[in-house]
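Report on the structure given below.
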Amino acid sequence: MEKNTAEIIGVEVQQSNLGSYEEARLAFDWTDEEKRFSWHETGQLNLAYEAIDRHAKSGLADKIALLYSDPEREESYTFEQMRQESNRAANMLRGLGIGKGDRVFIFMPRTPELYFTLLGIVKIGAIAGPLFEAFMETAVRDRLKDSGAVAIVTTPTLAERVPAHELPELKHVILVDASKPVEKEAAGAETDKGLLPEDSPFADFHALMHEASTEADIEWVEREDGLILHYTSGSTGKPKGVYHVHGAMVQQAYTGRIVLDLQPDDVYWCTADPGWVTGTSYGIFAPWLNGVTNVIRGGRFSPQDWYETIQRNKVTVWYSAPTAFRMLMGAGDEAVKQYDLSSLRHVLSVGEPLNPEVIRWGHRVYERRIHDTWWMTETGAQLICNYPSMDLRPGSMGKPIPGVEAAIVDDQGNILPPLRMGNLAIRTPWPSMMRKIWNNPAKYEEYVRIPGWYISGDSAYMDEDGYFWFQGRIDDVINTSGERVGPFEVESKLVEHPAVAEAGVIGKPDPVRGEVIKAFISLREGYEATDELKAEITKFVKEGLSAHAAPREIEFKDKLPKTRSGKIMRRVLKAWELKLPAGDLSTIED
Ligand code: WTA
């Protein structure tokens, strides 16, 4: 990635919520931020209340909260309507006997119902588990099983990937017809739970919502009570459930104000799906905690549809990802000129390294700076960012938010001086930090193995002016189009294929997707290394796990490099791929 450390794109806005970065850092105190919430006065706390009900009760009742924009459905909901619909969802879940601390999953396309449901889950103090709609059966089963989910809200089509018979703890599968708004006629008594066998786990979302009252008692919780579980990948083992609590709202709201720079009249659009952390922390919580109109767009990526979404809704703040910006750049300048994007005031990016050339391009064609932000599923909210009031250095992730200390440390925890590469570490704790890994305390300990620090797994350096520069992952985690994929999960699926003896999976650099997944495979006796077999194996992973986790490239090898204890050495595979020296091979098998 081409970087010019002396390059600066200066401040463009006159006014932004943060003001002077240095002054804000010095004066900062998290307890001041807490005073902005109603629970500071009342002692009654629930994130969904702060995000929706509080606004509905304090002058923003008729303000549009959700602006849903999809080729097939065009709807908007005010804060008051969101309050009522999320109350219905809360009552629906309570009616099924679901309550505080229960894990309730959501597995459906980005429609208004997804948002009502998630807020309803939070209102009753249950823990939401959002799943990306591309997940296939193995991915869904692993996550539901690990979390002991009691219910899942999904569509009839996606429900085919929910193996309820293998999940004894799963009591309810609530089916949503995604094409149907709640207010319309209920889905009909034919599919009503009443007509299903006594012990059927299936329930009709629309029928239940229709019956449910629009008034509900909120479950008041503690700051440390569970909010959401986001499953994410590491380099070893199955995906892990990253557990966040209601107290995360303090930082989600704060960064919404100073990083997204949300202001009362903004129309905000975050392009991420709630199956990933960006789609909840910044697709749901941050905008609504700040009482801002939130655009939700269903459907897939296309440059025309995306620009159209900005133009039609007059989007002012836009949060997206490097892969999307690279694809938009690929679609060319002419595509931009066909739309009126003049409403845009502030543009941001997250998820993978943002190329300086993309920033330069965006600056030229959108006439806006693209502000890179760095954070992770585990961190719950933004930590290192570029701010509207700060000079931008293309290629740098920016500086830590006020209230947070970041450093580059060595493996013993010693802070390294500027320009030295090492572990990107964050001083513990911060309000939105994960509180645990579900069912797996040992995994959590790996992050905090150096006392006082959270070790991110990213390597970086800090320049002499305090800007942080991303260098890479320290482990084998793959980042493809901004989506985190664990090689182990893909390898486990690959070896389930009858032809595959062994498999090792790596991320291969790719100009558009950042990385693509490449699998090295050794075949079982009797199988021939053909292109047909490659295609079949790819399909097997696509249909078993998910499309984004399927290898884009497969290479057959007679033998894979392994340690003496039998572990496949991905490091060596990566060196093969990049035609680099393989490094220390003293632990290799033969
Ligand atoms: C990478 C997404 C470079 C990084 C919110 C991190 C980035 C992982 C950036 C987390 C950035 C995220 N520049 N790399 N601005 N932001 N990453 O959990 O490797 O899906 O550890 O969270 O993405 O991905 P996750």
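The values are calculated or read from the model by the stated rules, or taken from the named source; none is laboratory data. Just so it is clear, the structure is predicted and the values come from calculations on it, not from any experiment. Cβ: placed from backbone, ideal geometry, glycine included. Neighbour counts: every protein chain shown.
Things worth noting here:
- Unmet criterion (only one of (1) crowded, with 17+ Cβ neighbours inside 10 Å; (2) polar (S, T, N, Q); (3) away from the ligand (no atom under 15 Å from the Cβ)) for Ser432: (3)
- When each of Glu532, Glu525, Glu445 is tested for being away from the ligand (no atom under 16 Å from the Cβ), of a type in the set (Asp, Glu), more than 25 Å from the chain's Cα centre (by Cα) and not in a loop (DSSP other than H, G, I, E, B), the lone residue that passes is Glu532.
- Filtered residues of the range 35-64 (kept if closer than 16 Å to Phe285 by Cα, surrounded by fewer than 17 Cβ atoms within 10 Å (Cβ to Cβ) and not basic (Lys, Arg)): Ser38
- Some residue of the range 33-45 being closer than 30 Å to Val140 by Cα and within 25 Å of the chain's Cα centre (by Cα): no
- Scan of the range 332-367 for residues that are part of a helix (DSSP H, G or I), surrounded by fewer than 16 Cβ atoms within 10 Å (Cβ to Cβ) and either within 16 Å of the ligand (Cβ to nearest atom) or among the polar types (S, T, N, Q) (or both), ordered by number: Glu357
- Those helices (runs of 4 or more DSSP H) of the range 1-117 in which at least 1 residues are within 23 Å of Ala207 (Cβ to Cβ), considering only elements entirely within it, cover 79-95.
- Answer residue from the range 551-568, given it is in contact with an Asp or Glu (Cβ under 9 Å, 6 or more places away or on another chain) and of a type in the set (A, V, I, L, M, F, W, C) and is surrounded by the most Cβ atoms within 10 Å (Cβ to Cβ) among those: Ile568
- Index of the failed condition, Thr323 passing every other in (1) over 21 Å from His244 (Cβ atoms); (2) among the hydroxyl-bearing types (Ser, Thr, Tyr); (3) modelled with pLDDT of 95 or more: (3)
- The single condition among (1) touching a residue at least 60 places away in the same chain (Cβ under 8 Å); (2) within 12 Å of the ligand (Cβ to nearest atom); (3) not in a helix (DSSP H, G or I) that Glu378 does not meet is (3).
- Some residue of the range 449-458 being more than 20 Å from the chain's Cα centre (by Cα) and buried (at least 17 other Cβ atoms within 10 Å of the Cβ): yes
- Only one of the numbered conditions (1) buried (at least 18 other Cβ atoms within 10 Å of the Cβ); (2) in a loop (DSSP other than H, G, I, E, B); (3) hydrophobic (A, V, I, L, M, F, W, C) is violated by Met329, and that is (2).
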